[in-house]
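Quick note: the coordinates plus some simple rules give every number you see, no bench work behind them. Just so you know, these numbers come straight off a predicted model, no measurement behind them. Cβ coordinates were reconstructed from backbone atoms using ideal geometry, including for glycine residues, and neighbour counts include every protein chain displayed.
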Amino acid sequence: MKLQPYPEYKDSGLLWLGDIPSHWEVRPLRTLLKQRNEKNRPLKTRQILSLSIAHGVTLYSHEGRGGNKSKSDLTAYKIARKGDIVLNSMNVVVGAVGLSKYTGAISPVYYALYPLSDNVNIHYYDAVFSNHTFQRYLLIYGKGILIKEGDSGKLNTIRMKISSDDLKTISLPLPTPEEQTAIARFLNWKTIQVKRFIRNRRRLIEVLNEQKQAIINQAVTRGLNPDAPLKPSGIDSIEDIPAHWEPLKIRRITKHHKQGFYTTKAYINSGVRLVRITDILGTRINWEGMPYVSISANDEKLFRVMEDDFLFARTGGAGLFARVIAPLRSAFASYLIRFRFNERIAPSYMELFLQSHLFQNGIQSSIHGGVNRNVHAEDIKNQHILIPPDTEQIAIVDHLKRATAVINTATSQAKQEIDTIVEYRTRLISDVVTGKVDVRHLTPAPGGEDLEETVEALEPLEEDLADGVVADEEPIHEAD
């Protein structure tokens, strides 16, 4: 399917919008959308809504990600209704906006927008607000703390409030009502295809990871010699192990552990990087886009990240860890625990063992704190590890490198395909909502003709476009 441009264009007068089809108009937001100022006093609803960059508008009662607690006085909230565009006035420029499928209570720092007439299709304008170029354009209306763009090009968390009065003056494109519906229907149709593709690739990645973990688990619990004599392990979760291996608790090989650095100061532009949970990618640290912090020389020494350190998630990611390879000048954040192990264990073998069922299942059974999924240093130290002789540790590592190479390649390819399709969807939204391509002649596949049904069909797939960046999430009921 090749998308074609419109026959004729004109200058919109807006830098973010560029040229638009000659028959489109440009109007202030106040002539198209109205801010809902409906109060929850007297009490109309006890249902509270949440908003995040990754998940859009959700029910607070369904949240499992923590966040600020709701106020006890629900009459202090406003109302957002099903079909409203809900946006965070302080974080919309980084994507904190979404179309609500629910009616519920929201904080005054959030805006709920609805159409002024039947000539305004809310699904089209939801797509406009989802356009990254438009979100960046809104920076000129923001008042507050300026943000920093990371090395990866992503915008770090920001507090730049857009006032209600300024929001009303923002200029938006106005296609014909028929085109708005066609654009919204087309984008929903393509979004379903994209999400299904992503879901299939993530299922493939899950299967590949299960295969990889099974190979690792066999090697680090039974070794490479199927004829090796066995003995009882003395561990409840595993029966026999090679007779010449030694089962120990991790505390017996731990030289040092320390909880990370806590600071309330704003990030700075250079100096000492701060490694966070969100910087753990697989079993490695992603150094790109990492923030810098102000830290004393003594604290830098205490919280320094060094070669072959292991960083474990303390809160929000039970079993998540990274082995440090080629560290940059950095400290580690308070939601991480640093472990250093003695010479009885090769770091490369330890990295593989920590991925095994024996360790991961043990950690999962040690979780504290409900949805926060806390893990303490003592929980890690109390897990069992199986220690082969030094030479056998290295032999197992070499064997697993070869045995998992094909799986790693297939997993990387699947992840790259996901990244590519997400980039495609982002570009498509931008091109379609700004009129760079004409979709009036395109008919969605069966099941995509009815816009409301199409939108509802997306609901079970919402997780598939989420990036999982917890640090970017913002509860919709946060007090101003």
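When we measure straight from the Cα of residue 381, which lysines land under 16 angstrom away, once same-chain ones fewer than 8 places off are left out?
Straight-line reach from residue 381, under 16 Å: 249, 255, 258.
Using a cut-off of under 13 Å, list every residue of region 104-142 whose amide N is near the label point 7 Å from the Cα of residue 38 along the Cα-to-beta-carbon line.
Counting only backbone N, you get 104-106, 112-115.
Using all Cα-Cα distances in region 224-387, what percent lands in each 10 angstrom bin from 0 up to the longest?
Result returned by the calculation: 10, 37, 31, 15, 5, 1.
Set the Förster radius R0 to 35 Å, insert the Cβ-Cβ distance between residue 417 and residue 325 as r into 1/(1 + (r/R0)^6), and round the FRET efficiency to 0.05.
Values: r = 26 Å, r/R0 = 0.74.
The formula returns an efficiency of 0.85 here.
With an 8 Å cut-off on Cα pairs and a minimum separation of 6 or more residues, tell me the relative contact order of region 224-387 in percent. If you can, show how the numbers build up before the last one.
On the way: 293 pairs, mean separation 48.2, N = 164.
Here the relative contact order equals 29 percent.
Taking 0.36 nm per residue of sequence separation and subtracting the Cα-Cα distance, how much length would be gained by fully extending the chain between residue 265 and residue 251, in nm to one decimal?
Details: separation 14, 0.36 × 14 = 5.04 nm, distance 3.40 nm.
Taking residue 265 through residue 251 to full extension adds about 1.6 nm, to one decimal.
Considering Cα pairs under 8 angstrom that are at least six residues apart, work out the relative contact order of the chain and quote it in whole percent.
On the way: 845 pairs, mean separation 104.5, N = 480.
Dividing the mean separation by the residue count of the chain yields 22 percent.
Run the simple label-point estimate for residue 132 and residue 166 please: 7 Å along Cα→C-beta, distance reported in nm.
Placing both labels 7 Å beyond Cα along the Cβ direction yields 2.3 nm.
Taking the Cα atoms of region 292-386, what is the range of coordinates along each of the three principal axes, in descending order and whole Å?
38, 33, 17
Under a point spin-label approximation (7 Å from Cα along Cα-to-Cβ), what is the residue 365-residue 239 distance to one decimal in nm?
Each label point lies 7 Å from its Cα, and together they span 1.7 nm.
Order these peptides, 334-340, 88-94, by their mean beta-carbon neighbour count within 10 angstrom, highest first. Please list the in-between numbers first.
Details: 334-340: 20.4, 88-94: 24.4.
In decreasing order of mean packing, 334-340, 88-94 become 88-94, 334-340.
Please list the three semi-axes, largest first and in whole Å, of the ellipsoid equivalent to the chain, using sqrt of 5 times the eigenvalues of its alpha carbon gyration tensor. Don't jump to the answer; show the numbers that get you there.
Numbers: eigenvalues 460, 135, 90 Å².
Gyration-tensor ellipsoid for the chain: 48, 26, 21 Å.
Among 346-352, 7-13, 301-307, what's the highest-first ranking by average C-beta atoms within 10 angstrom per residue? Intermediate results must be reported in sequence, preceding the final value.
Working: 346-352: 20.0, 7-13: 12.0, 301-307: 15.3.
Averaged packing, sorted descending, gives the order 346-352, 301-307, 7-13.
Between residue 215 and residue 258, 0.36 nm times their residue separation minus their Cα-Cα distance comes to what? Mind dumping the intermediate values first?
Numbers: separation 43, 0.36 × 43 = 15.48 nm, distance 3.16 nm.
That works out to 12.3 nm of additional length.
For the pairs 82/436; 195/436; 10/168; 34/195; 78/101, flag any whose C-alpha to C-alpha distance is greater than 20 Å.
Going by Cα-Cα distance, 82/436; 195/436; 10/168; 34/195 fall outside the 20 Å limit.
Over region 214-261, with a single point scatterer placed on each C-alpha, what log10 of the ratio I(q)/I(0) does the Debye formula yield at q = 0.14, 0.28, 0.31, 0.33 1/Å?
-0.46, -1.11, -1.22, -1.28
Looking at region 1-65 from every direction and averaging, what is the projected area of its Cα convex hull in nm²?
Details: hull surface 35.8 nm².
Quarter of the Cα hull surface area: 9.0 nm².
Applying 1/(1 + (r/R0)^6) with R0 = 30 Å to the Cβ-Cβ distance of residue 46 and residue 114, what FRET efficiency is obtained, to the nearest 0.05? If you can, show how the numbers build up before the last one.
On the way: r = 22 Å, r/R0 = 0.73.
FRET efficiency, residue 46 to residue 114: 0.85.
Can you compute the helix-only [θ] at 222 nm over the chain? Use -39500 (n - 2.57) per DSSP H run of at least 4 residues, normalise by all residues, nearest 500 deg cm²/dmol. Display every interim value, and only then the final one.
Values: 10 runs with 144 residues, N = 480.
After summing the helix terms and dividing by the residues of the chain, the value is -9500 deg cm²/dmol.
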